[in-house]
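Heads up, the thing below is written out as structure tokens.
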Amino acid sequence: KDIPGTSAVSPGSSKECAPDSESPSGTGEADYCRRILVRDAKGTIREIVLPKGLDLDRPKRTRTSFTAEQLYRLELEFQRCQYVVGRERTELARQLNLSETQVR
């Protein structure tokens, strides 16, 4: 698959996807890896190795844009206690109008 404008890493840089001579597929690469071709910013086509389970078509999660007040309160809480859990986390999320996942 050729993806214009995608940056590439050198093939075999991931130990999880290193060539496997005992692969049943007979290709010499692990069953859980796939190789794709990408074009970097300079137009050079490179081969990269990725886990087969990696879903490249899934849209990325949008990054939360915190308000200045939310950031201030979150930073205060982090200075007080680096791990906000349980009731404190639920309450802080409610006060800041955020989800508990965003108050990690």
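The values are calculated or read from the model by the stated rules, or taken from the named source; none is laboratory data. Every value quoted in this text rests on a predicted model; they were computed, and no experiment measured them. Quick note on the areas: whole protein, heavy atoms, side chains included, nothing else; ligands and nucleic acids left out. Shrake-Rupley method; radii C 1.70, N 1.55, O 1.52, S 1.80 Å.
For CYS33, nonlocal amide neighbours, meaning residues 5 or more places apart or on other chains whose placed amide H falls under 5 Å from its own, are LYS52.
Backbone phi angles across the range 56-69, fed through the Karplus curve with coefficients 6.51, -1.76 and 1.60 (θ = phi - 60°), yield HN-Hα couplings of 6, 8, 6, x, 6, 5, 6, 6, 5, 9, 7, 6, 4, 5 Hz in residue order; Gly and Pro are listed as x. For the set ARG61, ARG80, ARG46, ARG89, the ranking by accessible area, highest first and with no ligand, DNA or RNA atoms included, is ARG61, ARG80, ARG46, ARG89 under a 1.4 Å probe.
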